[in-house]
1. Take the alpha carbon gyration tensor of the chain, find the square roots of its eigenvalues, order them as a ≥ b ≥ c, and report rounded if a/c is under 1.5; if not, report prolate when a/b exceeds b/c, else oblate.
2. Where the centre of each part is set by its Cα atoms, how far does region 137-204 sit from region 1-22, in angstrom?
3. Relative contact order of region 90-204: what whole-number percent is it, with Cα pairs under 8 angstrom and at least 6 residues apart?
4. Please give the charge dipole size of region 1-101, origin at the Cα centre, charges +1 on K and R Cβ atoms and -1 on D and E Cβ atoms. Round to the nearest 20 debye.
5. Does region 72-174 classify as rounded, prolate or oblate by the C-alpha gyration tensor (a ≥ b ≥ c root eigenvalues; a/c under 1.5 gives rounded; else a/b over b/c gives prolate, otherwise oblate)?
6. Arrange the peptides 100-106, 68-74 so that the one whose residues have, on average, the most other Cβ atoms within 10 Å appears first.
7. Among the aspartates and glutamates, which have Cα under 18 Å from the Cα of K155 when same-chain residues fewer than 8 positions away are ignored?
8. Take S190, S80 and order them by how many other Cβ atoms sit within 10 Å, fewest up front.
Amino acid sequence: MKLVVGLGNPGREYVGTRHNVGFEVIDRVAEKLGWMRPGDFDRTAKSKFEGLVFDGSLQRTSGEPERLVLLKPTTYMNLSGRSVQAAMGFYQLEPDDIMVVLDDLALPCGKLRIRPGGSDGGHNGLRDIQRALATNQYPRLRVGIDAPPPPVPGKQYVLGKFSPEQRTLVDPAVTRAASAIVTWADKGLSAAMNQFNADVDEKK
């Protein structure tokens, strides 16, 4: 079993904001797997673990099915760890069994970066998950949203909506991120990193 956690803030006022790109990826995964039509996640998902939850089966290329649980915490970003901890406890999962999807100010808009662990990078959602799990060694998929232009504060920037130009980059990135999640659940973390980190790391 795998758990995918998309980070964001609940409420209509946050829909389409940079901080909620993790929620968008969760929606796209459910659509990609044919579990629901676009826009149906919040209406179809169950309220559980202080979040919205939907689960189903993914057919792996090995032939074995993999149960995949999609979670959108509704605790607000800085309390995301409560929801993640509750879901992991219920399903008896280890940190390696989860993938957290979030926005990243340090990456160019639309770029993806998958890592097996690391620091929170100043992200309040990751910070609270690390606190709740007592480890920073859990997979995460970051979606680039650009750094805020000066003198806009980071907090104000992430709660704003993508510009039209950014949207042209973010929409395909959300689709690629959903594919990365499916690859991770199917073939593992290394396969997902090798395939979807290439456009980020090629210049290093």
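FYI, it's all coordinate maths here, none of it is from the lab. Small disclaimer: the values here were computed from a predicted structure and weren't measured. Note: ideal-geometry Cβ built from the backbone for every residue, glycine included; neighbour counts use all protein chains shown.
1. rounded
2. That distance is 13 Å.
3. Values: 145 pairs, mean separation 39.4, N = 115.
Once normalised by length, the contact order is 34 percent.
4. So the dipole magnitude of region 1-101 works out to roughly 220 debye.
5. It comes out prolate by the Cα gyration axes.
6. My ranking of the peptides, most packed first, is 68-74, 100-106.
7. Candidates past the 8-residue exclusion: E13, D103, D104, D120, D128, D146.
8. Exposure proxy ranking, most exposed first: S190, S80.
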